[in-house]
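The values are calculated or read from the model by the stated rules, or taken from the named source; none is laboratory data. Since the structure is predicted, the reported quantities are computational estimates derived from the model, not experimental observations. Cβ placement follows ideal geometry from the backbone for every residue including glycine, while neighbour counts extend to all protein chains displayed. Keep in mind that these areas ignore ligands, DNA and RNA; they rest on the heavy atoms of the full protein, side chains included. Shrake-Rupley method; radii C 1.70, N 1.55, O 1.52, S 1.80 Å.
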Amino acid sequence: MVLRQPGENGRGRDLMRGLMQEWPLLIHKVIDYAAAEHGGRAVLSRSVEGPMHRTTYREVRARSLRVAKRLQLDGIAVGDRVATLAWNTWRHLEAWYGIAGIGAVYHTVNPRLFADQIVYIMNHARDRVLFLDLTFVPLAEKIAGRLPSVERYIVLTDAAHMPDTSLPNAVAYEEWLAGADEDFTWAAVEETNAAGLCYTSGTTGEPKGVLYSHRSNVLHAMMTVMPDAFGLSTRDVVLPVVPLFHANSWSLAFAAPMAGSALVMPGPKLDGASVYDILTTERVTFTAAVPTIWFALLQHLEKTGGALPDLTRVAIGGSACPPAVIEAFERKYDVPVLHAWGMTEMSPVGSICSVKPEVWSEDYGKLLAVKATQGYTPFSVEWKITDDAGVALPHDGKTFGRLKVRGPAVARRYYQREDEEILDEEGYFDTGDVATIDGDGYMRITDRSKDVIKSGGEWISSIELENLAVGHPDVAEAAVIGISHPKWDERPLLIVVPKPGRVPEKDAVLDFLRPNIARWWMPDDMVVVADLPHTATGKILKTELRDRFRDYRLPTEA
Ligand code: ADP
């Protein structure tokens, strides 16, 4: 049918619509698909109670339908927020699909936040129900009095493990679920309806809510499944070490069922030995997490002499992955690394570093230089770098600029701050990261804009110095911050955590950096500390370090 609509000039303009079906991109269609096409595929979890739990996509779907029906019996309706404070397990997964399946919004709360932050975001979201793991019952008991909107606490366990609790209206999940059968039809909501809510951890200012839609989650998962992204298939066994509460587990709770991959959920145990154990026992082929998890795994492997025979790739992101970590995985354990970048506001994946033929090299040093970048955009992410005035900068691999992004899975507004404009006039969102992009499309984050060190009018990349420093055999973790300097404005201070039993010497570490950096990038001093403060998503908390070292005097000041 040809529709006629008046054009801008007032004369008729032809508008030809496609004649294909309306099939809204809803996330419960993902679990429907997995149950229909890959129904017997395993979903394995380390339960919070201890033992391994085995189920299938068919079973997960059936129980999600019961969650949905049961929530509806409790009066939960379209648009209501239902919070989860939980590890990655099958129950958390069922809760997600069940919540979104009635058009309500799953709100993942990061248990690593301070209690006051949790209270703030749950009140801001006005959550009506909280699903929580046994682990978090004591935490919830402490704050329940300050959560007036929460009507019911559902503890993700069975009657036998249900603790005595002061939580109002508390019930064991399995008992609660027994109150509904699976005879239920998913709500027919629009694909643009809200499905999930996740607050940025707010390293500066108040946490801000990112409100995902069904459509954004589905499109984002389709993007991460693609071959040069995570490349998931029915032959994969996927272990999201990255929690569901860390920006949608980087899509894996949707992407794995969409691809028909088996899913392994690590539960509460995320230390090196436990991750190694589940990786090898369940023969995981693909896994993803932040660098600190992989530091711990590599240390465990070094100590025990273990191997990773089944793993075919590992995605590392959330913070810059040091080249030394990439090299260890690839050369010692024969596991290719996919370095990924993104943020809560991007659902979260923004770029992934796979090797295009034009950058392939036989020389591992050259290849590593590519693999250490944050990669290029998959289809559906667009980006640019600009100066402070918003003028686009060249993609020459040298010019730094503010990294800005747009796409169907990028935030347009923050929840309950809808009057605040967060996009530029071309519709791009400023990520707060400073980056270069080279001629082949590979992006390198030099810093968060607030962490970059400004010395004599030039910028020094704290990330690059940190990456180099952790390559030194005595250094376990490193942070670089700017210390104010009378002549140069700021100069870098290197702060390192020693490897167990080692004593990093300042001169030795600085000499180690020297061949790889410009002279004026050399830190003016180095201090050794027992540990570094981290955010709830595993990043080094630079704001706290800057506070701690506010009165620090550099030896070069005199
Ligand atoms: P937060 O709420 O702590 O900001 P996010 O997970 O949304 O949590 O953090 C996103 C930020 O993390 C990015 O803007 C970027 O600064 C940093 N980041 C993520 N991945 C990488 C990476 N691969 N390399 C460098 N920085 C990264």
Cα centre as origin, Lys/Arg/Asp/Glu Cβ charges: region 459-557 dipole, Debye: 80
Cα-projected label distance for residue 116 with residue 22, points at 7 Å along beta-carbon direction, nm: 4.8
Separation in nanometres of the label points that stand 7 Å from Cα toward Cβ, at residue 310 and residue 277: 1.6
Under 14 Å from the Cα of residue 269 - aspartates and glutamates, other chains or at least 8 residues apart: 49, 133, 277
Kirkwood hydrodynamic radius of the chain, Cα pairs, Å: 24.9
Within-13-Å neighbourhood charge of residue 330 [Cβ basis; K, R +1; D, E -1]: +2
Most positive-pole-ward Cα, 163, 314, 468, against dipole of the chain from beta carbon charges: 163
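Rank 155, 391 by accessible area, highest first, at a 1.4 Å probe radius? If you can, show how the numbers build up before the last one.
Working: 155 0, 391 80 Å².
Final ranking, largest accessible area leading: 391, 155.
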Charge dipole (the chain, unit charges on Cβ, about Cα centre) - positive-most of 250, 21, 336: 21
Size of charge dipole - region 352-395 - debye, nearest 20, with Cβ of Lys, Arg +1 and Asp, Glu -1, no other charges: 140
Most to least packed among 345-357, 293-305, 85-97 [average Cβ atoms within 10 Å]: 85-97, 345-357, 293-305
Contact order normalised by residue count of the chain, Cα under 8 Å, 6+ apart, percent: 10
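Dipole size in debye (nearest 20) for the chain around its Cα centre, Lys and Arg Cβ +1, Asp and Glu Cβ -1? Mind dumping the intermediate values first?
Numbers: 59 positive and 73 negative charges, 93 e Å.
Magnitude of the dipole: close to 440 debye.
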Whole-number accessible area per residue in Å² for the chain, which is evaluated in the context of all protein chains at 1.4 Å: 43
Residue 36 paired with residue 126, simple spin-label distance in nm, labels 7 Å along Cα-to-beta-carbon: 3.7
In sequence order, calculated HN-Hα J values of region 428-435 (Karplus, 6.51, -1.76, 1.60; Hz; x Gly/Pro): 8, 9, 7, 6, x, 9, 10, 8
Partner lysines for residue 69 [C-alpha distance under 22 Å; skip if fewer than 8 residues away on the same chain]: 29
Residues whose placed amide H lies under 5 Å from that of residue 132, excluding near-sequence neighbours: 85, 154, 155, 156
Equivalent ellipsoid semi-axes, region 459-557, via Cα gyration tensor eigenvalues times 5, rooted, Å: 19, 17, 13
When each of 208/450; 398/499; 332/539; 384/450 is checked by Cα-Cα distance, pairs over 22 Å: 398/499; 332/539
